[in-house]
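Just below is one structure, and these are the notes that go with it.
The values are calculated or read from the model by the stated rules, or taken from the named source; none is laboratory data. On a predicted model such as this, the values are computed, not experimentally measured, just so you know. Backbone-built Cβ (ideal geometry, glycine too); neighbour counts: all protein chains shown. With ligands, DNA and RNA removed, areas are computed over all heavy atoms of the protein, side chains included. Shrake-Rupley method; radii C 1.70, N 1.55, O 1.52, S 1.80 Å.
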Amino acid sequence: MPQRSQIVMEPRKSPVQARSTASVDAILEATIQVLLSEGKERLTTTKVALRAGVSIGTLYQYFPNKSSLLQAALKRHMVEVAEAVDVVCKEQTGKTLREMATALITAFLKAKMRDAKTSVALYSVSADVDGVRIVQQLGGRINKAIVRMLATSSEALTTDPQLVASMLQGAMAGVSRRILESSAPEKQFDILHRELIVMVSAYLDAGVARGSVQEWPKTGSDSG
């Protein structure tokens, strides 16, 4: 039997001029609005174009189908999370490990949950639009930012910083999934945020207390 062709999800082109960028931003905002109001099954390119106030032809200049719209919206969300991590990691240069962990966790979870309904909706479509690949790509960027931050700690970290960064990412990703999958994400946020800081702080304290560098395999990260 002939193989079914893969759905094209990559944007047709990237916006260059300011007006084009504004159109793409409006289209992605409209994608979120239609996703929230109609659900992913009833979302169509026509509905998105109408909500964005652009012609269907303009939409198709950038996005070939609804899968590409949803993937672009998810990627934009994940880029915002990565950028928030970049900023906080630079701000925490030279701080203690506990200060770093508290600021990192807070920035990461706040970025993930800036709009809880949108985050839940995007999480629900992630598996349909190759979300794993997006998370892996941006997870590498986040990992590097955390490693650079840890390297400046005012305390001696006795565990491989890349491994520690991967552990922090895994813990943060796990808790964010727990929040997104709960029936009341807003109610879960504060308590899980607090408990994650306690858990990670204890882990980092143990790493400082060990007092001898251990040899660990270099570990990349696909958590985001």
### Query
Hey, rough spin-label estimate for LYS187 and THR106, points 7 angstrom out along Cα→Cβ, what's it come to in nanometres?
2.6
### Message
I'd like the carbon and sulfur percentage of the solvent accessible area for the range 47-98, probe radius 1.4 Å, heavy atoms only, ligands and nucleic acids excluded.
### Response
56
#### Entry: Carbon and sulfur %, accessible surface of the range 102-141 computed with the full protein complex present, 1.4 Å
55
### Query
With every protein chain present, what is the per residue accessible area of the range 73-159 (1.4 Å probe, Å²)?
45
### Query
Of the listed peptides 174-184, 132-142, what is their order by residue-averaged count of other C-beta atoms within 10 Å, with the highest listed first?
132-142, 174-184
### Packing rank of 156-163, 44-51, where each peptide gets the mean count of other beta carbons within 10 Å, highest leading
44-51, 156-163
### Query
Here are some pairs, LYS66/LYS117; LYS95/LYS117; LYS47/LYS187; LYS40/LYS110; LYS144/LYS187; which of them have Cα atoms lying more than 23 Å apart in this structure?
LYS95/LYS117; LYS47/LYS187; LYS40/LYS110; LYS144/LYS187
### Where the range 161-211 is the region considered: accessible area per residue in Å², 1.4 Å probe
51
